[in-house]
Amino acid sequence: MSDPIRYTQAVGRRKTATARVKLTPAAETSVKVNGMTGDEYFKTSTRRAIPLDPLNLEGIDGTFTIEAKVSGGGVTAQAEAIRMGVARAVTLTDANLRAPLKAAGFLKRDPRAVERKKPGLLKARKSPAWSKR
């Protein structure tokens, strides 16, 4: 006799932020980030809502406790990394949910990152002011 799945784990990334997400079925949905509640960690309501986006999609039902360990990047990138981790973990629990999550763009990693500074330039692309004399 096999044990029922207690939780699922997934990794989400955005820019330089990495989130290891653990999804556990629960009575009501709650978010815990780096040992703090989601409300403590994410100060604004928009950032608090980002990790819950995959669970609020139409056709996805179920309540989960989301535990995330996040490092690197800024707060918004961390929230979006958690969102990707939650979406990946949800697809592990039910493969039929992959289509709506993919259509919403939650399973696609955003490849945009800061471009490196080049020698001879002030920033990645900004050049020093040119003067004729």
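The values are calculated or read from the model by the stated rules, or taken from the named source; none is laboratory data. Computed from a prediction, not measured in an experiment: that's the story for all the values here. Every residue, glycine among them, receives a Cβ derived from its backbone with ideal geometry; neighbour counts consider all protein chains shown.
Annotations
- In this structure, residue 37 does not satisfy being out of contact with any His (no Cβ under 6 Å at 6 or more places or on another chain), hydroxyl-bearing (Ser, Thr, Tyr), at pLDDT 90 or above and within 30 Å of residue 116 (Cβ to Cβ).
- Scanning segment 95-128 for residues that are within 19 Å of the chain's Cα centre (by Cα) and either on the phi > 0 side of the Ramachandran plot or not β-branched (Val, Ile, Thr) (or both) yields a total of 17.
- Scoring residue 124 on the criteria (1) free of Cβ contacts under 8 Å to residues at least 60 places away in the same chain; (2) out of contact with any Lys or Arg (no Cβ under 7 Å at 6 or more places or on another chain) leaves a single failure, condition (2).
- Near pairs, Cβ below 8 angstrom, 6+ apart or cross-chain, from segment 74-102 (free of Cβ contacts under 8 Å to residues at least 12 places away in the same chain) to any residue that is surrounded by 16 or more Cβ atoms within 10 Å (Cβ to Cβ) and part of a helix (DSSP H, G or I): 98/91
- Of all residues making up segment 68-85, the number that are under 14 Å from residue 109 (Cβ atoms) and either touching a Phe, Trp or Tyr at 6+ places or on another chain (Cβ under 9 Å) or surrounded by fewer than 15 Cβ atoms within 10 Å (Cβ to Cβ) (or both): 2
- Output for segment 87-99, where each listed residue is under 21 Å from residue 24 (Cα atoms), part of a helix (DSSP H, G or I) and out of contact with any helix residue (DSSP H, G or I) (no Cβ under 6 Å at 6 or more places or on another chain): 88, 89, 92, 93, 95, 96
- Sole exception among (1) over 25 Å from residue 112 (Cβ atoms); (2) part of a helix (DSSP H, G or I); (3) of a type outside the set (Phe, Trp, Tyr) for residue 77, by number: (1)
- Residue within segment 36-52 that is surrounded by fewer than 16 Cβ atoms within 10 Å (Cβ to Cβ), over 13 Å from residue 93 (Cβ atoms), of a type in the set (A, V, I, L, M) and over 13 Å from the mean Cα position of the chain (by Cα) present: yes
- Unmet criterion (only one of (1) in a helix (DSSP H, G or I); (2) within 21 Å of residue 10 (Cα to Cα); (3) modelled with pLDDT under 95) for residue 60: (1)
- Conditions (1) at pLDDT below 90; (2) surrounded by 14 or more Cβ atoms within 10 Å (Cβ to Cβ): number failed by residue 12: (1)
- In a residue-by-residue description of segment 59-78, the property of being touching a helix residue (DSSP H, G or I) at 6+ places or on another chain (Cβ under 7 Å) and of a type in the set (D, E, K, R) applies to no position.
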